[in-house]
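The values are calculated or read from the model by the stated rules, or taken from the named source; none is laboratory data. Fair warning: this is a prediction, and the values are worked out from it, not measured in the lab. Cβ placement follows ideal geometry from the backbone for every residue including glycine, while neighbour counts extend to all protein chains displayed. Accessible surface is based on the protein model in full, side chains and every heavy atom, while ligands, DNA and RNA are left aside. Shrake-Rupley method; radii C 1.70, N 1.55, O 1.52, S 1.80 Å.
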Amino acid sequence: MSRRVVIVGSGGREHALALALTAQACEVTVTPGSAGIAAGGIAVVDTPSTQLDADLFIIGPEAPLVAGEADALRAQGKLVLGPGADGAQLEGSKAFMKDLLAEASIPTAGYWTVEDPEAAAAVLAGLTPPYVIKTDGLAAGKGVLVTDDLDEAIHDAADKLAGRSFGGAGSRIVIEEGLTGPECSLIALCDGHRAVAFSTAQDFKRALDGDHGPNTGGMGAYAPMPGITSEDVAELMATCVQPTLDALRARGIDYRGLLYAGLMLTPVGPKVIEFNVRFGDPETQVLLPLVESDLFDLFVSAAAGELSAAPTPSNLACVTVVLAAKGYPDNPIKGALITGLGIDGQLSDPIEGVTVIHAGTIRSEAQGPFIVNGGRVLCVTGRATTLREARDLAYQGVAQISFEGMQVRSDIAAKAAEGEQS
Ligand code: AMP
Ligand code: GLY
């Protein structure tokens, strides 16, 4: 079988996927891709996936999955990694997800689905902080408020219900019991029946150091999480992931693709805070470089419903640091000129073990400089034998890059690297 892969998407996750597959002798085309992805020599086209041909299609982001792009491709007989619109509801509707979790007895936060502001205020008044309010539809990780302030929570609920934020995504909201504890992203590859896990990763959701500021799509990540053993992962898979896949199957949903469990390791055990139906961004940037298996074979076997092996982890560690635009997440400002990158989109002064991933860049002309074109602009990934070294490498790379208003957290993976056994 030839190894032609089409990747749908244009962000950092898709760039990371394209680099990992290209490094394993795949012939990759990304649609619509980006200038940064193309700069490294990867084919980028602006053609709908249904008009392309490949041995494997991978759909990166949630929106095309929710819109049924995997179904359209499968209807043409294509091999696709990514659930159909039925399975993608797990991310497209928090209410669908919560109902499914309850049905499968998967540990999760208590929740209330509400459609009017008075009901929201009454529910909130009966809870203890932190108060958690989510829009029901897709809001790219940004539709969530977590606050200790009851008034702020009541106002946010009313704003979301009135459609004043996140467009139509807020006509129904979910209020959740506030959980506490470290977060863990566990991403599983599913073939409809079976699920196998990648390493655990930790994502940094808040905009500012010390986990302050608004929620974002993710400001950095690292993998693997120290202290989480392979037995722990097996247990998380058995309690949170496999029952979800089984519950989907029981509803007649043949789920082939990635299932991302956002977990909170609470004092009373792990609980699922969200499911995503795709690879995480920026988790993908730190997970794929740690896989020793042939990714193409692994993805093809899942897409074909014939998964027989789990990804083989290397004993390396990865850290990625996101460089975000001024104003991100509320109102990212585009157009700033980026310095520190060569024409191939990598560091002008390359560092062994450092990769620059493009999340939101364009160029004004073919070989011209890169320009900020999204909220999350670049991710700088370091890979080394320890988290501490990987972190040092990532930040050395970050130090070479600048643009006006660049936002970077300085504490990505800091605690984990400090606590690492040497
Ligand atoms: P979500 O979009 O559901 O992943 O939520 C975004 C972030 O909000 C999560 O990564 C958590 O940091 C936080 N969060 C979500 N749900 C809860 C909860 N029930 N309790 C505490 N924090 C939460
Ligand atoms: N990093 C969080 C997400 O991909 O949703």
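All other residues with a Cβ under 10 Å from the Cβ of ASN276 taken together, and with Lys, Arg as +1 and Asp, Glu as -1, what is their net charge?
After counting each charged neighbour, the total is -4.
So for segment 273-422, averaging the separation of alpha carbon pairs under 8 Å that are six or more residues apart and normalising by length, what relative contact order in percent results?
The value is 26 percent.
Using a 1.4 Å probe over the heavy atoms of the protein chains, calculate the carbon and sulfur portion of the accessible area of the chain as a whole percent.
The computed percentage sits at 51.
Given a 10 angstrom Cα cut-off, can you work out which residue in TYR131, TYR255, TYR222 is the most mobile in a GNM of the chain?
TYR131
Show me 327-333, 381-387 ranked by packing, highest mean number of other Cβ atoms within 10 Å first. Could the numbers behind the result be given before it?
Values: 327-333: 15.9, 381-387: 21.3.
Averaged packing, sorted descending, gives the order 381-387, 327-333.
Multiply the residue gap between GLU420 and ILE343 by 0.36 nm, knock off their C-alpha separation, and tell me the result in nm, one decimal place. Don't jump to the answer; show the numbers that get you there.
Working: separation 77, 0.36 × 77 = 27.72 nm, distance 3.65 nm.
Gain on extension, GLU420 to ILE343, equals 24.1 nm.
Rounded to the nearest 20 Debye, what is the dipole magnitude of segment 351-422 about its Cα centre when Lys and Arg each give +1 and Asp and Glu each give -1 at the C-beta?
180
Might you report the magnitude of the Cβ-based charge dipole of the chain about its Cα centre, with Lys and Arg at +1 and Asp and Glu at -1, to the nearest 20 debye? List each step's numbers first, then the result.
Numbers: 29 positive and 52 negative charges, 117 e Å.
I would put it at about 560 debye.
Pull up all non-local amide H partners of GLY220: gap of 5 or more, or a different chain, and H-to-H distance under 5 Å with H placed in the peptide plane.
Here the answer is PHE204, VAL322, since their amide H atoms fall under 5 Å of that of GLY220.
Spelling out what I want: for every residue of segment 266-279, take phi, set θ = phi - 60°, compute 6.51 cos²θ - 1.76 cosθ + 1.60 (Karplus), and round to whole Hz; glycine and proline get x.
7, x, 9, x, x, 10, 7, 9, 7, 10, 10, 9, 7, 5
Exceeding 31 Å between C-alpha atoms, which entries from my cross-link table qualify? They are LYS78/LYS326; LYS98/LYS326; LYS160/LYS271.
Exceeds cut-off: LYS78/LYS326; LYS98/LYS326.
Among ARG391, ARG409, ARG256, whose mean-square fluctuation peaks in a Gaussian network model of the chain (Cα, cutoff 10 Å)?
Judging by the Gaussian network model, the answer is ARG409.
In terms of modelled amide H atoms, which long-range or inter-chain residues lie less than 5 Å from the amide H of LEU81?
Here PHE57, ILE58, ILE59 satisfy the definition.
Label segment 46-98 by shape, choosing from rounded, prolate and oblate, from the square roots a ≥ b ≥ c of the eigenvalues of the Cα gyration tensor; if a/c is under 1.5 it is rounded, and otherwise prolate applies when a/b is larger than b/c, oblate when it is not.
The shape class here is prolate.
With every protein chain left in place, what is the accessible area per residue of the chain in square angstrom, probe 1.4 Å?
In whole numbers, the chain has 39 Å² accessible per residue.
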